[in-house]
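Student: Supplied in structure tokens, the structure appears directly below.
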Amino acid sequence: MSLATGRQSESARAASAAEARYRIDVPIAPARAARVVALDDRAAQVAARLAAHRWAHAEFLRADAVGELRELGGGPLPLTAALIGADVVVVLATEDGGRDTAERIGRHCFRYGITTAGVVLGQGFEADDAVAALRPYARVLLLSADESDVFELLTALRV
Amino acid sequence: MGELFRQYWIPAMLAEELPETDGPPVRVKLLSERLVAFRDSEGRYGLVDEFCAHRGASLWFGRNEQGGLRCPYHGWKYDVSGQCLEVPSEADNSSFCQNVKLTSYPLVKIGDVLWTYMGDAATQPPLPEFEWTHVPAEQTYTSKRWQQCNWLQAFEGGIDSSHVTFLHSGGLKTDPLFKGAKGNEYNLNDTKPFFEVADSDGGLFVGARRNAEDGTYYWRITPWVMPAFTMVPPRGDHPVHGHFWVPIDDENCWTYSFDYHPVRPLTETERQAMVDGHGVHSKNIPGTYRPMANMDNDYLIDREAQKRGETYSGVAGIAMQDASLQESMGPIVDRSKERLVPADSGIIKARQKLRKAAVALRDEGVTPPGVDPEHHRVRSAAVVLPQAESFLDSCRDAVKAVPGTAQHTV
Ligand code: FES
Ligand SMILES: [Fe+2]
């Protein structure tokens, strides 16, 4: 390129707005099979609203009172079956009730190399234990988040 | 986003650019406006419209004399507030010139920086209180460089802790302002940090966690104060550094880079290293704020140094390693083509906060986070904590700027 113009360096020419137009434009295939797991009732309400949006592969689940996973509005699923084929799991919590489930999910994902993200909705003080249970396993913890943060996270991850 | 920036005091230039009274005026472009800065006979700073109200000559050519800047074309003269003082051609010039006033903004020296506020005078906030500009002069150093890309993609590098282990790996071992800290070993030994992102009053804290000794984590905590102030977590007893990214226009920004020590003067060696462009600073072309290594010379890329492992990308210096890659994305990177990962959550959240603040300001007139000077009193920190502890709970004091106390560092 620098030879062609004779003036500008290759980097200067390549970094111009004019050259930016030539970046190959192909649609980005969603690469992530995501599971969004709500650990408690309030988190499940958020998950239900999020599930109403259009997603590529994301599936939304919730933990029930005994720590089993279920599809939103569906029957129970063993944890292993629920997370089969997933490559990212986003865990939503608003309080400590889901602590044990958080730990089980964390362990499972760690063992199977599934990237885990934890999102604490609200001020987070009520979810300290759930966060502590997830901390060793979650690649990222978003604390003091709100519903739109989860939406933005899932959108950015193209799930 | 322009309106959002106009809620804040932002760096306009370095104090060294206007060293003397009645010195030459300096062109300043900020938030897509062309301005000229000068210091009048009494030492007052002025930041006014670059172009003369008469027929639009650039006041960069102005004569800075006797309490004002005089346009050399037909002699109109302005004071630091942009008020026209004299129109020589008018018989009764007092009443005519009263009505002539150039747009102007306040320009205030705090530390080594001249700050301006480009918003509505009615909502001008109190002056900024960032610690780096309030410690004694011998404890602080600030440089700036022109970066040829949108401010946001530059700023995002400041809260992106995961690139350090790769891009800056050479610098961790050799840079005089980085090397030797215990924390560097943790950094280099664990290339897959875990992240926690939490709201602060003024923006965010991004915590990056790596394995340390058994049962402990090494945490690096990066604060962001909206809109564009970030600090790098400290290393050992090295001075603490950080940045302020200021939009020049949509495709250019000023990167202000600072280093300060909260409780001791910088040593001669440290200050010289900063002047020489080590650490977060750049070596600039003398008389300018353009880095010597820039896109016009391919950043002086050295493929042999890359092969030898001295630099990871072939570009020398931490500042230019960042700038070269951020500029290579193009003047405004196309974010619709990104593939973000959970480790990018800090960036995802920061964009979200900026957008929310801009919308709340536009629709409801809500003052954004980071305007209140109380929000400026933050610090970065590097700490080793037991695994069970949350960095936010354990580091409340460490991330607060308390004058006269040392930084928390490993
Ligand atoms: S253009 Fe400035 S005085 Fe005429
Ligand atoms: Fe960097």
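Student: Which residue is farthest from ligand 2 (Cβ to nearest atom), if the candidates are limited to the stretch B:61-89 and must be in contact with a helix residue (DSSP H, G or I) (Cβ under 9 Å, 6 or more places away or on another chain) and in a loop (DSSP other than H, G, I, E, B)?
Tutor: B:Val87
Student: Looking only at the stretch B:294-341, count how many residues are within 10 Å of another protein chain (Cβ to nearest Cβ), among the acidic types (Asp, Glu) and crowded, with 19+ Cβ neighbours inside 10 Å.
Tutor: 1
Student: Of all residues being of a type outside the set (Phe, Trp, Tyr) and touching an Asp or Glu at 6+ places or on another chain (Cβ under 9 Å) in the stretch B:49-62, which is farthest from B:Leu114 (Cα to Cα)? Just the residue, please. Walk me through it before giving the result.
Tutor: Within the stretch B:49-62, the subset of a type outside the set (Phe, Trp, Tyr) is B:49-50, B:52-59, B:62.
Subsequent filtering for residues that are touching an Asp or Glu at 6+ places or on another chain (Cβ under 9 Å) retains B:49-50, B:58-59.
Numbers: B:Asp49: 17, B:Glu50: 17, B:Ser58: 22, B:Leu59: 19 Å.
Within the stretch B:49-62, the match that is farthest from B:Leu114 (Cα to Cα) is B:Ser58.
Student: For the stretch B:151-168: of the residues being surrounded by fewer than 19 Cβ atoms within 10 Å (Cβ to Cβ) and under 17 Å from B:Thr311 (Cβ atoms), which is nearest to ligand 1 (Cβ to nearest atom)?
Tutor: B:His163
Student: Quick check on my filter: what residues within the stretch A:130-155 are more than 11 Å from every other protein chain (Cβ to nearest Cβ) and over 14 Å from the mean Cα position of the chain (by Cα)?
Tutor: Once the filter is applied, which keeps residues that are more than 11 Å from every other protein chain (Cβ to nearest Cβ) and over 14 Å from the mean Cα position of the chain (by Cα), the stretch A:130-155 yields only A:Ala130.
Yes or no, residue by residue, for (1) buried (at least 24 other Cβ atoms within 10 Å of the Cβ); (2) modelled with pLDDT under 95:
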site: B:Asn184; (1), (2): no, yes
site: B:Asp199; (1), (2): no, yes
site: B:Gly202; (1), (2): no, no
site: B:Arg209; (1), (2): no, yes
site: B:Pro233; (1), (2): yes, no
site: B:Glu251; (1), (2): no, no
site: B:Val263; (1), (2): no, no
site: B:Thr267; (1), (2): no, no
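Student: Would a scan of the stretch B:83-94 turn up a residue that is more than 14 Å from ligand 1 (Cβ to nearest atom), surrounded by 13 or more Cβ atoms within 10 Å (Cβ to Cβ) and within 19 Å of B:Ala53 (Cβ to Cβ)?
Tutor: Here is the first cut: in the stretch B:83-94, the residues more than 14 Å from ligand 1 (Cβ to nearest atom) are B:83, B:91-92, B:94.
Checking which are surrounded by 13 or more Cβ atoms within 10 Å (Cβ to Cβ) leaves us with B:83.
Applying the additional criterion that residues be within 19 Å of B:Ala53 (Cβ to Cβ) yields B:83.
Yes, because at least one residue in the stretch B:83-94 is more than 14 Å from ligand 1 (Cβ to nearest atom), surrounded by 13 or more Cβ atoms within 10 Å (Cβ to Cβ) and within 19 Å of B:Ala53 (Cβ to Cβ).
Student: Go through the residues of the stretch B:375-388 one by one and say whether even a single one is under 23 Å from B:Phe155 (Cβ atoms), at pLDDT 95 or above and in a helix (DSSP H, G or I).
Tutor: We begin by selecting, within the stretch B:375-388, every residue under 23 Å from B:Phe155 (Cβ atoms); these are B:375-382.
Within this subset, residues satisfying the condition of being at pLDDT 95 or above are B:375-382.
Still in the list and also in a helix (DSSP H, G or I): B:375-376.
The answer is yes; a qualifying residue exists.
Student: A further question on this structure: When the residues of the stretch A:117-129 are narrowed to those that are more than 8 Å from chain B (Cβ to nearest Cβ) and under 15 Å from the mean Cα position of the chain (by Cα), which ends up surrounded by the fewest Cβ atoms within 10 Å (Cβ to Cβ)?
Tutor: Across the stretch A:117-129, the extreme among qualifying residues is A:Leu121.
Student: Considering every residue within the stretch B:44-60, establish whether at least one is in a loop (DSSP other than H, G, I, E, B), more than 16 Å from ligand 1 (Cβ to nearest atom) and of a type in the set (Gly, Ala, Ser). Please lay out each step first, then the result.
Tutor: Initially, the stretch B:44-60 is screened for residues in a loop (DSSP other than H, G, I, E, B), giving B:44, B:50, B:52-57.
Subsequent filtering for residues that are more than 16 Å from ligand 1 (Cβ to nearest atom) retains B:44.
Narrowing the set further to residues that are of a type in the set (Gly, Ala, Ser) leaves none.
No, because not a single residue in the stretch B:44-60 is in a loop (DSSP other than H, G, I, E, B), more than 16 Å from ligand 1 (Cβ to nearest atom) and of a type in the set (Gly, Ala, Ser).
Student: Testing B:Tyr289 on (1) within 14 Å of chain A (Cβ to nearest Cβ); (2) more than 16 Å from ligand 2 (Cβ to nearest atom); (3) touching a residue at least 24 places away in the same chain (Cβ under 8 Å), one condition comes back false. Which one is that?
Tutor: (1)
Student: Quick one: count up the residues across the stretch B:190-235 that are of a type in the set (Lys, Arg) and more than 14 Å from chain A (Cβ to nearest Cβ).
Tutor: Counting residues in the stretch B:190-235 that are of a type in the set (Lys, Arg) and more than 14 Å from chain A (Cβ to nearest Cβ) gives 2.
Student: Given the condition more than 7 Å from chain B (Cβ to nearest Cβ) and without any contact (Cβ under 8 Å) to a residue 12 or more places away in the chain, answer yes or no: does some residue in the stretch A:94-109 qualify?
Tutor: Residues of the stretch A:94-109 that are more than 7 Å from chain B (Cβ to nearest Cβ), as a first pass: A:94-109.
In the following step, the residues that additionally are without any contact (Cβ under 8 Å) to a residue 12 or more places away in the chain were identified as none.
No - not one qualifying residue is present in the stretch A:94-109.
Student: A further question follows. Would you point out which residue out of B:Asp372, B:Asp397, B:Asp363, B:Asp344 is acidic (Asp, Glu) and within 11 Å of chain A (Cβ to nearest Cβ)?
Tutor: Working: B:Asp372 fails: within 11 Å of chain A (Cβ to nearest Cβ); B:Asp397 fails: within 11 Å of chain A (Cβ to nearest Cβ); B:Asp363 fails: within 11 Å of chain A (Cβ to nearest Cβ).
Among B:Asp372, B:Asp397, B:Asp363, B:Asp344, only B:Asp344 is acidic (Asp, Glu) and within 11 Å of chain A (Cβ to nearest Cβ).
Student: I need a count of the residues in the stretch B:334-347 that are within 16 Å of ligand 2 (Cβ to nearest atom) and either basic (Lys, Arg) or within 15 Å of B:Gln153 (Cβ to Cβ) (or both).
Tutor: Of the stretch B:334-347, the ones within 16 Å of ligand 2 (Cβ to nearest atom) are B:343-344, B:346-347.
Among the residues that remain, those that are also either basic (Lys, Arg) or within 15 Å of B:Gln153 (Cβ to Cβ) (or both) are: B:344, B:346-347.
Looking only at that region, the number is 3.
Student: Something else now. Regarding the stretch A:67-83, can at least one residue be identified that is closer than 25 Å to B:Ile348 by Cβ and charged (D, E, K, R)?
Tutor: no
Student: Those residues that are surrounded by fewer than 17 Cβ atoms within 10 Å (Cβ to Cβ) and farther than 19 Å from A:Ile84 by Cβ, I need them from the stretch A:46-58; list them, please.
Tutor: A:Ala48, A:Arg49, A:Ala52, A:His53, A:Arg54 - these are the residues of the stretch A:46-58 that are surrounded by fewer than 17 Cβ atoms within 10 Å (Cβ to Cβ) and farther than 19 Å from A:Ile84 by Cβ.
The values are calculated or read from the model by the stated rules, or taken from the named source; none is laboratory data. The structure presented is a predicted model; accordingly, all values stated were derived computationally and were not measured. With ideal geometry, Cβ positions are generated from the backbone for all residues, glycine too; neighbour counts draw on all protein chains shown.
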